[in-house]
Structure formats: structure tokens, C-alpha cells
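Bear in mind that the values in this text are calculations on the coordinates, not laboratory data. If you're wondering where the values come from, they're calculated on a predicted model, not measured in any experiment. A quick note on method: Cβ atoms are made from the backbone with ideal geometry, for glycine too, and the neighbour counts reach across all protein chains shown.
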Protein chains: 2
Amino acid sequence: MIKVVIIGSGNVAQHLIAAFQNSQKSGTEIELVQVYSRHARSVSHLIDLEKITADFSTLAEADVYIISVTDDAIAEVSSSLLFKNRLVVHTSGSVSLNAMNENNRRGVFYPLQTFTKNKAVDFKTIPICLESENGTDYQLLDRVAKSITEKVFAINSQQRKALHVAAVFVNNFTNHLYQLGQEICRENQVSFEILKPLIAETVQKIMVLSPQEAQTGPASRNDTATIEAHEAFLAEGNHLNIYKILTQSIQENGKKL
Amino acid sequence: MIKVVIIGSGNVAQHLIAAFQNSQKSGTEIELVQVYSRHARSVSHLIDLEKITADFSTLAEADVYIISVTDDAIAEVSSSLLFKNRLVVHTSGSVSLNAMNENNRRGVFYPLQTFTKNKAVDFKTIPICLESENGTDYQLLDRVAKSITEKVFAINSQQRKALHVAAVFVNNFTNHLYQLGQEICRENQVSFEILKPLIAETVQKIMVLSPQEAQTGPASRNDTATIEAHEAFLAEGNHLNIYKILTQSIQENGKKL
């Protein structure tokens, strides 16, 4: 058995705990032996109380320690561990492997997904990006990751940074565009619900076409009349500003092709 | 029976023809009696050749004529019709009802979706936005629309303009953000495929949460360290520019709440 300890009780930690508990039910070689949480009740719905500790001096012996805390706290938590030369990984997309204390063998175990409290996700479809300082540790992390997902990738720190920034574009920023769309609807007494089938189809297209192939609309076909009508319609400063900048970016992208 | 003629053979026209043909199979009160197309072969895979005409003088008598051509051509096509006082509608999100010739009773029959050639869509889930000059015509359009979709909305010209602009934000612009994300991946030799489960989940969240509730990421939590690291990472001008503007927009939106 490969013994795993999870340190943390936030959103990502909770989803990881649930995923390991699920995979244990179907009998894998992975055993989640302990969870470190300052407040037992944050995770007591996911794992037996006797497997929860709030004291670093009572951390169980394990093959891998997964630190799943806020980015700011990773360095400090890694320095609080009282043992040496064990495999310790964090789950962040933006923190360097080197940010962790050198007392232990270091690695990264980054599940690339947006996790929402109380919204279940099918962990099997979530990509986990792995990094380690040596090949043996990589193989161990690979076995741990494959117990909860079908999608495991070797990603170095530079690539992970790129993925993290790109994730902001395709997740945070697109969600913000939904919000701007909703504002435009609300200002004109139209239900945002009418746009939801379009939003769903936009994503279904990207699953089978490249973004270039899927691009439609006035900017991509240089339809100046429609662009001008839209700009005249958007009285509010921020909406108009973002409309102009993204329209220009689409048009310049067309030239690049 | 309500007799329908479709004028046009582009993307939207083809999807409409297919939708009416499908609904006829399951026996509705709607009959697609004719399609006007300058080139019969564009639509001959969808409807019998004898129901296709390229001559306005041979247009069949019908209860509603659906003009589904490019925005620029709507006014001209509506003026080419050789009859008077019949119900004529267009399918555009951005053209005013008044752009059509006054010889006939005018209306709008706008299916709000992104249509791709050779990619089937389930028409039943597509919202159709209706507008007309009088109530009797609206009731007729409502029956026609309900033969192909479950989602029919009364939308005036101002609301339709708002929907069309909002659609650019949630469809064209989000798709462009996918392209920028793909560029960032490519520049760093990472597969864009790794981001697809995140893209899918972003949309699944918006189906059950408001955009405000669904918003995550460094901008929404004012994580200055991560924002600065991302900005340092984005050497290329356009990516950095768009990152800054959308980050600022998210932050200002947070203040508004």
C-alpha cells in the first residue's frame, strides 16, 4: 500500500480527500492514512475523526504528504514538518517547487480544475499535473494520481506557470464575460437564461474544433456596420472598453493566420 | 396547416430547413412548402428539388416568409418580394424590424445560437426570439416557433440588440479567450487539451450559479502576488494588455457588489 497524508482542509483538500476515499472503496493500492486540519469539523464529514490531527508532531508515517493550503502558507507549512527526506508535494498551480523546505524530497501534485464548495466534480476527468525532483518520486506520484484520475501529465514549473495563466483566461475571464453579458441583459430587461444554450454550445464547439475554427461574430468577419452598432449601443464605459479591446484582438488575430 | 417559405440557403437557413423537416416527420401543423435559393444544390440535401426555387416570381403562397440571409441583404430581399400584406420575418439579431419593406406585415424570428456548418444542433433547446407588428401575427409566429423549439420569447427590438451584444461577450469573446489560452500553452509546449475539463466545468457552474457566485481566481480574491507573477510571465503585449484590463474589470466589479 502507498500511504498518503493530506495537510489542509480547504476546497481542494476536501475534494482530494473525497476522491481518495472514493477510490479506496473500489480497492486501490492507495491508503489515505491521515488528514491534518486545524479544525476537525471542516473534514469530519469526509474521514473518520481518529484519522484527523491538528498537531504536526503526531503526523503519521506516510509515503507522500500532500500540502493543500493557500499559496502563501505552503512555504511555512513545509517548514513546520518535523521529519526529513520524505516526499512532500503541494497542489498549487502557481507556487514553485523550490518554495518548499529542502529538508524533504519535493514535488507538485496540481489538479487543474475549478473547485466549488458543495458542488461535486467527477475527479476521474480532472487532469493532475505532476513534478518531482527525481524519477522514483515521479513514479510514486504517478501511481497516487492514477488512483483518482485517468489524466496524469508530467509538467515542469515553467509549463505549470503557463497553464495557470492560461487557466485564468479560459476560466476566470470567460466567467467574467458571462457577468458582463448578464449586466447588459439586466440593463435591458432581458433574461440571461436566453443566452445559456449559446454558452453551452460555445463550449461544445471547442471540444471538437480549434478556437480559430470555432470563431464567429462581427469581429472575425470584419463586419464594421455591426461593430459600430454594438459600440453605439454600449453606453457604459467598461462594457464599451472591453468590447473594443477584444474586438481588436480578434481582428489582429485574423491577420496573423 | 400553417405554410412556411424559407428564403435563403446559408448556415441559419439550412439549420431552420432541417428543423422544420424534422418536425414535419413527427406531424405538426407546420408545412415547409418552399425554399428560395439561388443555387439549388446548397439545400437539395435537405428538401426535394421541386420545392426549391431561384425565382421570386414563383414564390409559393404561404402564411409566413422567413428571410434568412446576411444582414446586409435583408432590406433588398424584402423589397424584391412581389406580393403585399403577407407576414414576412427575418432571422437576424441585429437588424431592425423597420429595415424591411413596408409592403408586407413585418416580424422577427431570431434563433439565438451559434450555427456551424456540418455540426448538428438540437434545435429544441435553441431560444427563438419573436417580434411582430401586431398580436395576431405574433400568435402565428409563436405556433411556428413552437413546432421546432421549446423556448420561445417575446423580445422587442431594443432587447434583441442587447441580446445580440451580450451574445458577442458570452460567445465570440469567450471563444477568443480560449484562443489566447491556447497561444499561451503553445508558447510553452503544453497541450491545450489539459485545459478542456476546466473549460467544461466553468460552463457547468454557470448553469447552476450566477456569474458572481461562480467567479474565482486571483483578481476576485485580490491576490496581488499572483497577479504580479502572471503579469511578469506574460511577455507578449496583447496577452498582457487583455490580462490587465479583465483583471481590473473583475476587481472593480467586486467593489460594485
Among the aspartates and glutamates, select those whose C-alpha is under 12 Å from the C-alpha of A:LYS146, and discard any that sit fewer than 8 residues away in the same chain. A:GLU29
How compact is the protein assembly as shown by the rule of thumb for globular proteins, expressed as Cα Rg over 2.2 N^0.38 Å? 1.16
What gaps in nm, shortest first, separate B:LYS244 from its twins in the other copies when you place the label 7 Å past Cα toward the beta carbon? 1.5
Contour minus Cα-Cα span, B:LYS51 to B:ASN11, at 0.36 nm per residue, comes to 12.5 nm
Compute the Cα gyration tensor for region A:120-175, then decide on rounded, prolate or oblate, letting a ≥ b ≥ c be the square roots of its eigenvalues: rounded whenever a/c is under 1.5, prolate when a/b is larger than b/c in the other cases, and oblate in all that remain. oblate
Helix A:157-167 against the longest principal axis of chain A: what's the angle in degrees, Cα atoms only, rounded to the nearest 10? 40
If contacts are Cα pairs under 8 angstrom and at least 6 residues apart, what is the relative contact order of chain A in percent? 12
Inter-copy spacing of A:MET207 label points, which lie 7 Å from Cα along Cα→Cβ, given in nm from shortest upward: 0.9
Links that overshoot a 29 Å alpha carbon limit, given the list A:LYS119/B:LYS151; A:LYS3/B:LYS205; B:LYS124/B:LYS244; A:LYS161/B:LYS117: A:LYS3/B:LYS205; B:LYS124/B:LYS244; A:LYS161/B:LYS117
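Which whole number gives the average count of other chain Cβ atoms within 10 Å of the Cβ atoms across peptide B:217-229?
Counting Cβ atoms of other protein chains within 10 Å of each residue's Cβ and averaging gives 4.
Using helices alone, what [θ] at 222 nm do you get for chain B, with -39,500 (n - 2.57) per DSSP H run of 4 or more residues, divided over all residues and rounded to the nearest 500?
Numbers: 9 runs with 106 residues, N = 257.
-12500 deg cm²/dmol, from helical runs alone.
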In Å, what Rg and Dmax follow from the Cα atoms of region B:2-155? 14.0, 37
For chain B, the longest principal axis of the Cα atoms and the Cα long axis of helix B:237-256 enclose an angle in degrees, to the nearest 10, of 90
Angle in degrees between helix B:135-146 and the longest Cα principal axis of chain B, rounded to the nearest 10: 70
Inter-copy spacing of B:GLU231 label points, which lie 7 Å from Cα along Cα→Cβ, given in nm from shortest upward: 2.7
Can you tell me which of A:245-254, A:88-97, B:162-171 comes out highest on packing, and rank the rest after it, using the mean Cβ neighbours within 10 Å? B:162-171, A:88-97, A:245-254
Tally the DSSP beta bridges in chain B and give the antiparallel ones as a percent, rounded to 5. 20
Antiparallel DSSP beta bridges within region A:2-155, as percent of all bridges there, nearest 5: 20
